[in-house]
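Contents: one structure, followed by commentary.
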Amino acid sequence: GLHRQVLFTTVGWFVGYYLAKRTEYIHAKLDRELFEYIRQHPEDFKAAEKKRIGELLEDFYPVR
């Protein structure tokens with residue numbers, strides 16, 4: 001009856017909340033480790049030179 005729907009809704013909400021928090025924690029931990037690695041090894045992550053938009057796009061040749 002209605003009490004089962006309320007029970008399952010409540011349990012589902014708590015399980016979903018826990019899984020969302022765990023996922024955020026795992027991603028935050030991974031981000032922290034990657035940023036720490038980047039900070040310790042700057043020679044592996046040199047800033048790329050900036051390109052103009054014309055250098056990124058191919059030339060346009062209309063087809064008729």
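Looking only at the stretch 35-44, count every residue that is among the hydrophobic types (A, V, I, L, M, F, W, C) and open to solvent by less than 100 Å² (accessible area, probe 1.4 Å) and tell me the total. Lay out the reasoning, then the answer.
Residues of the stretch 35-44 that are among the hydrophobic types (A, V, I, L, M, F, W, C), as a first pass: 35, 38.
Narrowing further to those that are open to solvent by less than 100 Å² (accessible area, probe 1.4 Å): 38.
Summing the residues that are among the hydrophobic types (A, V, I, L, M, F, W, C) and open to solvent by less than 100 Å² (accessible area, probe 1.4 Å) in the stretch 35-44 gives 1.
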Query raised in the report: Do we have GLU24 as at pLDDT 95 or above, open to solvent by 100 Å² or more (accessible area, probe 1.4 Å) and in a helix (DSSP H, G or I) here?
Result: yes
Report task. State whether one or more residues within the stretch 46-62 are open to solvent by less than 100 Å² (accessible area, probe 1.4 Å), among the β-branched types (Val, Ile, Thr) and either in a helix (DSSP H, G or I) or out of contact with any Leu (no Cβ under 8 Å at 6 or more places or on another chain) (or both). Result -> no
Requested in this report: Might you check whether a residue that is touching a helix residue (DSSP H, G or I) at 6+ places or on another chain (Cβ under 8 Å), modelled with pLDDT under 95 and of a type outside the set (Gly, Ala, Ser) occurs anywhere in the stretch 46-57?
Outcome: no
Query - Residue check for ARG4: open to solvent by 100 Å² or more (accessible area, probe 1.4 Å) and within 22 Å of the chain's Cα centre (by Cα) - result: no
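What do you reckon, is ARG32 open to solvent by 90 Å² or more (accessible area, probe 1.4 Å), free of Cβ contacts under 8 Å to residues at least 24 places away in the same chain, among the charged types (D, E, K, R) and part of a helix (DSSP H, G or I)? Even if it seems obvious, please write down each step before you answer.
Numbers: open to solvent by 90 Å² or more (accessible area, probe 1.4 Å): yes; free of Cβ contacts under 8 Å to residues at least 24 places away in the same chain: yes; among the charged types (D, E, K, R): yes; part of a helix (DSSP H, G or I): yes.
It is true that ARG32 is open to solvent by 90 Å² or more (accessible area, probe 1.4 Å), free of Cβ contacts under 8 Å to residues at least 24 places away in the same chain, among the charged types (D, E, K, R) and part of a helix (DSSP H, G or I).
The values are calculated or read from the model by the stated rules, or taken from the named source; none is laboratory data. Given the structure is predicted, the values throughout are model-derived calculations rather than measurements. Cβ sites come from the backbone with ideal geometry, for glycine too, and all protein chains shown count toward neighbours. For the accessible areas, the whole protein counts, side chains as well, though only heavy atoms, and no ligand, DNA or RNA atoms are used. Shrake-Rupley method; radii C 1.70, N 1.55, O 1.52, S 1.80 Å.
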